[in-house]
1. Is any residue of the range 165-182 close enough, with backbone N under 19 Å, to a label point placed 7 angstrom from the Cα of R60 along the Cα-Cβ axis, and if so, which?
2. Note down the net charge around S223, summing +1 for each Lys or Arg and -1 for each Asp or Glu among other residues with Cβ under 13 Å from its Cβ.
3. Expressed in nm to one decimal, what extension gain is obtained for the pair V129 and K145 from 0.36 nm per residue of sequence separation less their Cα-Cα distance?
4. Using a cut-off of 18 Å between alpha-carbon atoms, which aspartates and glutamates can reach K191, once sequence neighbours fewer than 8 places away in the same chain are excluded?
5. Using a Gaussian network model of the chain whose springs link C-alpha atoms within less than 10 Å, name the residue from K265, K171, K108 with the highest mean-square fluctuation.
6. I want the local charge near Q318. Using Cβ-Cβ distances under 12 Å, sum +1 for each Lys or Arg and -1 for each Asp or Glu among the other residues.
7. Of the candidates G26, G241, G218, which one comes out as most mobile in a Gaussian network treatment of the chain with C-alpha springs shorter than 10 Å?
8. Taking the Cα atoms only, what angle lies between the long axis of helix 36-45 and the longest principal axis of the chain, rounded to 10 degrees?
Amino acid sequence: MSKLRIAILGDGGWGTTLAVLLSNKGYSVTLWGAFADYTKRMVKTRYNPKFLPGIKIPRRIKITSDIKSAAKDKEIVVLAIPSQYTRLTLRKIVGSFAKKTIFLSVTKGIEISSSKRISEVIRAELGPVKLAVLSGPTIAGEVAKEVPTAAVVASSSKQIRKTIQAVFSTKRFRVYTNPDVIGVELGGSLKNVIAIACGVSDGLGFGTNTKAAILTRGLAEISRLGKAMGAKLETFSGISGLGDLVTTCISKQSRNRSVGELIGKGKNLEEICRHMQMVAEGVPTAKSAYALSLKYKIDMPIIREVYYLLYKNKSPAQAVKDLMTRKSKEE
């Protein structure tokens with residue numbers, strides 16, 4: 001296994017963290033970034049100050065902005081690219097990878113233009129490649145510092161699930177397997193929208209009661225949509241569902257929760273995004289999730305209110321009022 005050649009496409013915090021984790025296990029790792037000036041800086045300093053400050057990047061990791069050479073002759077290609085840029089990035093590597101290559105998506109988002117999950121985008125652009133997704137409550141800075149963490153890998157192939165599990169597992173990073181690709185992807189993506197709602201609650205000065213209500217009812221919404229789309233309900237009570245949801249909704253390091261908090265304090269979305277170094281996937285995913293709720297005719301009031309807050313200039317106070325005064329119903 002130590003002879004494995006692995007490419008990480010995406011030099012954000014999570015991509016860089018996985019590059020370090022895999023390199024420390026003895027694998028040959030190439031980390032690709034889209035901006036040549038920045039990758040040259042990382043090559044020289046061996047740090048990623050924008051996205052993973054304070055973590056040394058081992059010299060044995062090759063850092064490049066040449067995506068074709070990064071993907072060439074690799075057993076595993078990890079896609080750690082923001083969801084809205086995934087399709088364009090994939091088109092750059094067509095013909096540059098081997099048939100045996102396993103593509104592993106670690107992106108937690110849904111494409112706006114098509115409302116497709118990232119695994120569906122990969123299939124659409126690359127054809128019937130070997131494919132898996134990795135998700136869970138995995139804050140990059142904590143994993144990089146070897147804080148005990150659990151994640152889950154999903155694939156329709158048992159062999160691929162087992163391979164990724166073995167490659168990525170360490171004494172501090174425990175990987176479970178799950179055949180439910182749809183559920184794992186939806187849990188990892190939709191929880192970001194619920195985290196924005198929790199952040200709005202924080203920004204309005206509400207307490208633990210409110211956050212608990214948003215979190216639990218948000219999970220119910222995610223589960224309803226997931227079931228309609230073919231996922232297994234039990235997936236949403238697992239690591240990539242409830243586990244990731246809790247972490248993203250409560251962590252001070254959560255970009256999505258932080259966006260919501262600023263919205264709750266009256267800040268403008270455009271201004272917030274302009275000052276962010278990293279992408280908050282919940283912002284575009286709110287639009288995709290709302291579209292999916294309409295397509296599948298699933299009632300998702302929290303998702304709907306977040307969409308209205310972000311894209312229809314609805315006030316947080318009115319969103320809270322509308323949620324709390326909805327028609328009474330059973331849980």
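Taken together, the values in this text are just the output of simple stated rules run on the coordinates, not laboratory data. Source: prediction; values computed, not measured. Cβ placement follows ideal geometry from the backbone for every residue including glycine, while neighbour counts extend to all protein chains displayed.
1. Under 19 Å, as judged by backbone N against the label point of R60, lie 166-173 of the range 165-182.
2. On the way: positive: K191, R217, R224, K227, K232; negative: D180, E221, E234, D299, E331.
Charge balance in the 13 Å sphere: 0.
3. On the way: separation 16, 0.36 × 16 = 5.76 nm, distance 3.28 nm.
Difference between extended and current length: 2.5 nm.
4. Straight-line reach from K191, under 18 Å: E111, D180, D202, E221, E234, D244, E261, E281, D299, E305.
5. Among K265, K171, K108, the largest GNM mean-square fluctuation belongs to K171.
6. Numbers: positive: K312, K314, K321; negative: E305, D322.
Local net charge: +1.
7. Sorting by GNM fluctuation, first place goes to G26.
8. The angle comes out at about 70 degrees.
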